[in-house]
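Here is the structure we will look at.
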Amino acid sequence: MSPLERLKGLETFVAVVEAGSFTAAAERLHLTNSAVGKAVARLEERLKRPLLQRGRRRVELTDAGDAFYQVCVRVLDELKSAEDMLASDEIAPSGRLRVDMPATFGRLRGMASLLAFAEKHPQVTPQVSFTDRFVDLVEEGLDVVVRIGGGDVWPATLGYTCLGHEELVFCAAPSYLARRGEPRTLQELQIHDAVLYARADGSSSPWLIKDGDQPVVRQHAEGRIILGQAEAQVAAVQAGLGIAQLATWVVEQALREGSLVAILPAHVTQGLPLHIVWQRSREHSAKVRAVVGHFERTLGVGPMIDT
């Protein structure tokens, strides 16, 4: 069977799944119900297994149909990206755009940028996930990901840009400082309670210490509490459990509201880099170029304008 023959019925099948019924898909594709039904039936016959469970009002995917649907969407998106690449200077960004962001960063910083992008480009349909695990852009069909951390070397199949580095600041609640006093030196910091971050291997992340022109060093502290989530750290510090070293983008609102206070200003330290990463095979797509440019203008993890 030729590659062209294998593409027959894919768009119709995807339309039925996304519209929820043969009738709605027929309206969307400007076809008759009969034509849509026959196209899906031929596809199922060719694959030798049912893809849909027909109900009175809606159709549901079988397990095989669900797996096949995910592949079909990626294939059709690739075709659309290829067409966009050839006409990228002439068309407006459009179509489904798959983006993944770190969970906490996505909530605190990414969503505002994503919503602004969606408003500016109404023909683009962002499909956004929020994960902290490693993602394979090609395997998972992602167009663009935002990642904090990672090296400066990425596979040749990926394009990337670095938007700068986090700034890490020591902070505490006013109630804690009133009770224990504010440390003025690194030596005084060592006798205070620490709210630490738990890494995936179960160990706690050390504090990164910048002292004037000296290189950044890792200083391990005894944790009063160790938490595996940055927003949980913020809550613990606000509750007066101790001092934490956190990225400014995590504590920006708390510092502005006064529920946290930045301390040891001479020891603000550079943290992890922020990268935007995309598939090189899709970088000429109008929607990918648009969202990468938008993120370059609107995302950042560096110093706050005010506190």
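Taken together, the values in this text are just the output of simple stated rules run on the coordinates, not laboratory data. Just so it is clear, the model here is predicted, and its values are computed rather than measured. Cβ: placed from backbone, ideal geometry, glycine included. Neighbour counts: every protein chain shown.
Between the amide H of residue 204 and those of 199, distances stay under 5 Å, these residues lying 5 or more places away or on another chain, with hydrogens modeled in the peptide plane. 3J(HN,Hα) couplings calculated from phi for the range 120-137 with the Karplus curve 6.51 cos²θ - 1.76 cosθ + 1.60 (θ = phi - 60°) are, in sequence order, 6, 10, x, 8, 9, 10, x, 10, 10, 10, 10, 9, 9, 7, 5, 10, 9, 4 Hz; Gly and Pro show x. Short-range pairs are left out: with C-alpha atoms under 8 Å and at least six residues apart, the relative contact order of the chain is 22 percent. Dipole magnitude for the range 91-307: computed about the Cα centre from +1 point charges on Lys and Arg Cβ and -1 point charges on Asp and Glu Cβ, it is near 400 debye. When only alpha carbons are used to place a centre, the range 232-282 and the range 102-157 end up 20 Å from one another. Rounded to the nearest Hz, the phi-derived 3J(HN,Hα) couplings of the range 179-189 under the Karplus curve 6.51 cos²θ - 1.76 cosθ + 1.60 (θ = phi - 60°) are 7, 10, x, 9, x, 9, 9, 5, 5, 5, 4, where x marks glycine and proline. For the pair residue 118 and residue 268, label points projected 7 Å from Cα toward Cβ lie 3.3 nm apart. Near residue 244, the amide H atoms lying under 5 Å from its own belong to 171, 195; only residues 5 or more places off or on other chains count, and H is placed 1.01 Å from N. Over all other residues within a Cβ to Cβ distance under 14 Å of residue 72, the charged ones net out to 0, with Lys and Arg as +1 and Asp and Glu as -1. With distances taken between every two different alpha-carbon atoms, the range 158-212 has a Kirkwood hydrodynamic radius of 14.3 Å.
Computed extension gain for residue 257 through residue 32, at 0.36 nm per residue and net of the alpha carbon distance, reaches 75.1 nm. A straight line joining the Cα centroids of the range 162-231 and the range 22-61 runs 58 Å. The stretch between residue 131 and residue 57 holds 23.2 nm of extra length on full extension. This uses 0.36 nm per residue minus the Cα-Cα distance.
Amide H contacts of residue 94 (H built 1.01 Å from N, in plane; Pro and chain starts excluded): 287 sit under 5 Å, all sequence-distant by 5 or more or on other chains.
Here is the result for the range 167-249: no trypsin sites (Lys or Arg not before Pro) lie in DSSP coil with at most 10 other C-beta atoms within 10 angstrom of their C-beta. Short-range pairs are left out: with C-alpha atoms under 8 Å and at least six residues apart, the relative contact order of the range 3-87 is 27 percent. Taking θ as phi - 60° and the Karplus parameters 6.51, -1.76 and 1.60, the scalar couplings of the range 161-175 work out to 9, 9, 9, x, 10, 4, 10, 9, 10, 7, 8, 8, 7, x, 5 Hz in sequence order, x denoting glycine and proline. Arranged from fewest to most other beta-carbon atoms within 10 Å of their beta carbon, 182, 44 become 182, 44.
Per DSSP H run of at least 4 residues, take -39500 (n - 2.57); add these up for the chain, divide by its residues and hand me the 222 nm value, nearest 500 deg cm²/dmol. Result for the chain, helices only: -11500 deg cm²/dmol.
Cross-link pairs exceeding 30 Å between alpha carbons, from the set 120/210; 48/287; 48/80: 120/210; 48/287. Rounded to the nearest 5, the antiparallel percentage of DSSP beta bridges internal to the chain is 65%.
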